[in-house]
Amino acid sequence: EPKLEVDAAAPAEGVKVTISGAALKTANAQKSQNTDIEDSGLSDQVQKILKMIREIKKQIQEKQAQLQQVMANRSLSPEQVKAQTAALQSAIAGLNAALMTATASLNKAMKDASSDDAIKAASLAAK
């Protein structure tokens, strides 16, 4: 029976993470995309839900773009198109369900909010 021997006295190697300039730019862009939510003065819970809604909408757009690319790709066999289309449609359906759940959570969280806050949240959710 093979055993794995570990030298507990050996120092653990550190992990070095390098973040590319493009990744930093993307992170800053995502942060600035939500600045309006963060500056809204709405509760942390509502802000979290709004950011989630925005992220889900972005993922839906990405999947829809992928779906269009698959349908336009003439190098795929009909079976490949069918399989990839079905997978993307399934992913979009799941994201739509998540969006409905997040929207319901937002509505619940805003139930006791002022009409100004409700309007603000609705307008941020629509972006």
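The values are calculated or read from the model by the stated rules, or taken from the named source; none is laboratory data. The structure displayed is predicted, hence computed values, not measured ones. Note that we place each Cβ from the backbone using ideal geometry, even for glycine, and neighbour counts take in every protein chain shown.
A compact table of results
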| read-out | value |
| --- | --- |
| Candidate set from region 81-114 (those that are closer than 20 Å to S43 by Cα and among the hydroxyl-bearing types (S, T, Y)); member that is surrounded by the fewest Cβ atoms within 10 Å (Cβ to Cβ) | S114 |
| Given (1) at pLDDT 65 or above; (2) small (G, A, S); (3) more than 28 Å from A104 (Cβ to Cβ), number of the condition S43 does not satisfy | (3) |
| Yes/no for K58 being within 17 Å of T103 (Cβ to Cβ), modelled with pLDDT under 95 and either buried (at least 17 other Cβ atoms within 10 Å of the Cβ) or of a type in the set (K, R) (or both) | yes |
